[in-house]
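Colleague: Would you mind keeping the following structure in view while I ask a few things?
The values are calculated or read from the model by the stated rules, or taken from the named source; none is laboratory data. Computed from a prediction, not measured in an experiment: that's the story for all the values here. Here the Cβ is made from the backbone with ideal geometry for all residues, glycine too, and neighbour counts use every protein chain on show. With ligands, DNA and RNA removed, areas are computed over all heavy atoms of the protein, side chains included. Shrake-Rupley method; radii C 1.70, N 1.55, O 1.52, S 1.80 Å.
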Amino acid sequence: MRIFPFAHVLRALALAVVLVSGAAAAAYPERPISLIVPWGAGGGTDATARIIGSLLEKELGQPVNVVNRTGGSGVVGHQAIASAPPDGYTIGMITVEIGMMHWVGLTELSAVNYDAIGVVNADPAGMHVRVDAPYKSVKDFLAAVKANPGKFKASGTGQGGIWHLALAGLLKDQGLDPGSVPWVPSNGAAPGLQDLVSGGVEIVPCSVPEARSLIDAGKVKALAIMDANPPALYPAMPTLKKELGSNWTMAAWRAIAAPKGLPPEAKTRLAAALKKVHDSKEFRDFMAARGFGVIYADPEDFAKFMAKSDVDLGATMKAVGIVK
């Protein structure tokens, strides 16, 4: 049977479409990428996102523009990430709050609304008191709480925030009423620490980097850290495991994620680039200089990490009585 010339043309066109489509897929990314940050400029999350963005640019060969979308205790920015087109050109830095906000009725968002790319940072809570406080150890502080429930106040974040849960979870872990240390809401660790120094509260369970300047100034001391290992900044700092035999941990973590439904080729490319960024000397030096903890979890482990974080945070929030 004779094949007419136009059939050859159709076949050639079809082959061209396949080749062009394959090239387009392989070429990701072909244009700039937006990196949404749910928290304000100048903070630790913003700083971490900006160093990651600048290093991703080198790996991906495209500009990575950091966009701060604040408001609603993190809801606005996390929603902006989840609602973006899942094409690989909008990603975001999600934080531990994604496992908390839905429990208190702020949003229906949770970890299931994202495609995980990788965890890059975690900063465990430290138990910070004034340097002249009478407690020589976290055991001393807990004994004082047990003897005088309701007497000692704490601060460092809003009601039901990550550092509130850190303390409430420890109290529960040690068989004490999670409400036996009343929580004084604040707009973050910085004002909470100032309240601590001025005598308004007795303890602030925030990350060590947040308290670093006051520790170095001799105004605040850390009784213990809620992690299996002491922080690199202060290798002599006691751990809860050493002081109490407790396995309780709590940390604020940061990670890169994308809207659910990311094309596989984009997810693979982003995950590989983020791993190179994480392993780079530039990133590690940046984080070490600020006292930020460096961890890593790939997409599969990150998804499991988020799911466990959600369950653990929910259980603690229920114990505190703030789940809606």
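Colleague: Note down all Cβ pairs under 8 Å where the first residue falls in region 289-307 and is touching a residue at least 40 places away in the same chain (Cβ under 8 Å), the second is open to solvent by 60 Å² or more (accessible area, probe 1.4 Å) and of a type in the set (Phe, Trp, Tyr), and they're at least six residues apart or on different chains.
Modeller: Correct list of pairs: 297/305.
Colleague: In addition: Exactly one of these conditions fails for residue 211: (1) touching a residue at least 60 places away in the same chain (Cβ under 8 Å); (2) open to solvent by 20 Å² or more (accessible area, probe 1.4 Å); (3) among the hydrophobic types (A, V, I, L, M, F, W, C). Give me its number.
Modeller: All conditions are met except number (2).
Colleague: Is there a residue being more than 15 Å from the chain's Cα centre (by Cα) and over 18 Å from residue 123 (Cα atoms) anywhere in region 286-294?
Modeller: Within region 286-294, not a single residue is more than 15 Å from the chain's Cα centre (by Cα) and over 18 Å from residue 123 (Cα atoms).
Colleague: State which residue is farthest from residue 303 (Cα to Cα) when the search covers only region 88-110 and only residues that are modelled with pLDDT of 95 or more and in a strand (DSSP E or B).
Modeller: Among those residues, the one meeting the criterion is 90.
Colleague: For region 285-303, what are the residues that are under 22 Å from residue 269 (Cβ atoms) and exposed (fewer than 13 other Cβ atoms within 10 Å of the Cβ)?
Modeller: Scanning region 285-303 gives a single hit, 300.
Colleague: Looking only at region 235-245, filter to residues that are of a type outside the set (Asp, Glu) and crowded, with 17+ Cβ neighbours inside 10 Å; which one of those is farthest from residue 171 (Cα to Cα)? Give the steps one after another, and end with the answer.
Modeller: Start the filter on region 235-245 by keeping residues that are of a type outside the set (Asp, Glu), which leaves 235-242, 244-245.
Still in the running and crowded, with 17+ Cβ neighbours inside 10 Å: 237-241, 244.
Working: 237: 20, 238: 17, 239: 15, 240: 12, 241: 14, 244: 12 Å.
So, considering only residues that are of a type outside the set (Asp, Glu) and crowded, with 17+ Cβ neighbours inside 10 Å, the one farthest from residue 171 (Cα to Cα) is 237.
Colleague: Quick check on region 176-200: of everything there that is β-branched (Val, Ile, Thr) and within 26 Å of the chain's Cα centre (by Cα), which residue is farthest from residue 43 (Cα to Cα)?
Modeller: The extreme case among them is 181.
Colleague: Give the residues of region 184-208 that are in contact with a strand residue (DSSP E or B) (Cβ under 6 Å, 6 or more places away or on another chain) and of a type outside the set (Asp, Glu), sorted by residue number.
Modeller: 184, 186, 192, 193, 196, 201, 203, 204, 205, 207, 208
Colleague: Test of understanding: among 233, 262, which residue is part of a loop (DSSP other than H, G, I, E, B) and farther than 29 Å from residue 133 by Cβ?
Modeller: Unique residue meeting the criteria: 262.
Colleague: For residues that are of a type in the set (Gly, Ala, Ser) and open to solvent by less than 20 Å² (accessible area, probe 1.4 Å), tally how many sit in region 145-155.
Modeller: Adding up the residues that qualify gives 2.
Colleague: Of the residues that make up region 302-314, is at least one more than 17 Å from the chain's Cα centre (by Cα) and either aromatic (Phe, Trp, Tyr) or part of a helix (DSSP H, G or I) (or both)?
Modeller: If we filter region 302-314 for residues that are more than 17 Å from the chain's Cα centre (by Cα), which is where we start, we get none.
No, because not a single residue in region 302-314 is more than 17 Å from the chain's Cα centre (by Cα) and either aromatic (Phe, Trp, Tyr) or part of a helix (DSSP H, G or I) (or both).
Colleague: Can you tell me which of (1) open to solvent by 50 Å² or more (accessible area, probe 1.4 Å); (2) in contact with a Gly (Cβ under 9 Å, 6 or more places away or on another chain) is the one residue 263 doesn't meet?
Modeller: If we test residue 263 against (1) open to solvent by 50 Å² or more (accessible area, probe 1.4 Å); (2) in contact with a Gly (Cβ under 9 Å, 6 or more places away or on another chain), just (1) comes out false.
Colleague: Could you tell me how many of the residues in region 162-183 are buried (at least 24 other Cβ atoms within 10 Å of the Cβ) and either small (Gly, Ala, Ser) or without any contact (Cβ under 8 Å) to a residue 12 or more places away in the chain (or both)?
Modeller: The number of residues fulfilling the criteria is 3.
Colleague: Working only within region 111-135, note down all residues that are in a loop (DSSP other than H, G, I, E, B), touching a residue at least 60 places away in the same chain (Cβ under 8 Å) and surrounded by fewer than 17 Cβ atoms within 10 Å (Cβ to Cβ).
Modeller: Of everything in region 111-135, just one residue is in a loop (DSSP other than H, G, I, E, B), touching a residue at least 60 places away in the same chain (Cβ under 8 Å) and surrounded by fewer than 17 Cβ atoms within 10 Å (Cβ to Cβ), namely 131.
Colleague: Say whether the condition of being crowded, with 16+ Cβ neighbours inside 10 Å, more than 19 Å from the chain's Cα centre (by Cα) and assigned to a helix (DSSP H, G or I) is met by at least one residue in region 60-77.
Modeller: yes
Colleague: Determine which single condition residue 250 fails, assuming it passes every other condition in (1) surrounded by 16 or more Cβ atoms within 10 Å (Cβ to Cβ); (2) of a type outside the set (S, T, N, Q); (3) under 18 Å from residue 196 (Cβ atoms).
Modeller: Exception for residue 250: condition (3).
Colleague: Of 199, 158, which residue is in contact (Cβ under 8 Å) with a residue 40 or more places away in the chain, out of contact with any Asp or Glu (no Cβ under 9 Å at 6 or more places or on another chain), surrounded by fewer than 19 Cβ atoms within 10 Å (Cβ to Cβ) and on the phi > 0 side of the Ramachandran plot?
Modeller: Residue meeting the stated conditions: 199.
Colleague: For residue 54, work out the one condition from (1) more than 24 Å from residue 103 (Cα to Cα); (2) part of a helix (DSSP H, G or I); (3) in contact with a strand residue (DSSP E or B) (Cβ under 8 Å, 6 or more places away or on another chain); (4) open to solvent by less than 20 Å² (accessible area, probe 1.4 Å) it doesn't fulfil.
Modeller: (4)
Colleague: I've got another one for you. Identify all residues within region 136-165 that are within 23 Å of residue 317 (Cβ to Cβ), part of a loop (DSSP other than H, G, I, E, B) and not hydrophobic (A, V, I, L, M, F, W, C); write none if there are none.
Modeller: Residues satisfying the conditions are 149, 150, 153, 156, 157, 158, 159, 160, 161.
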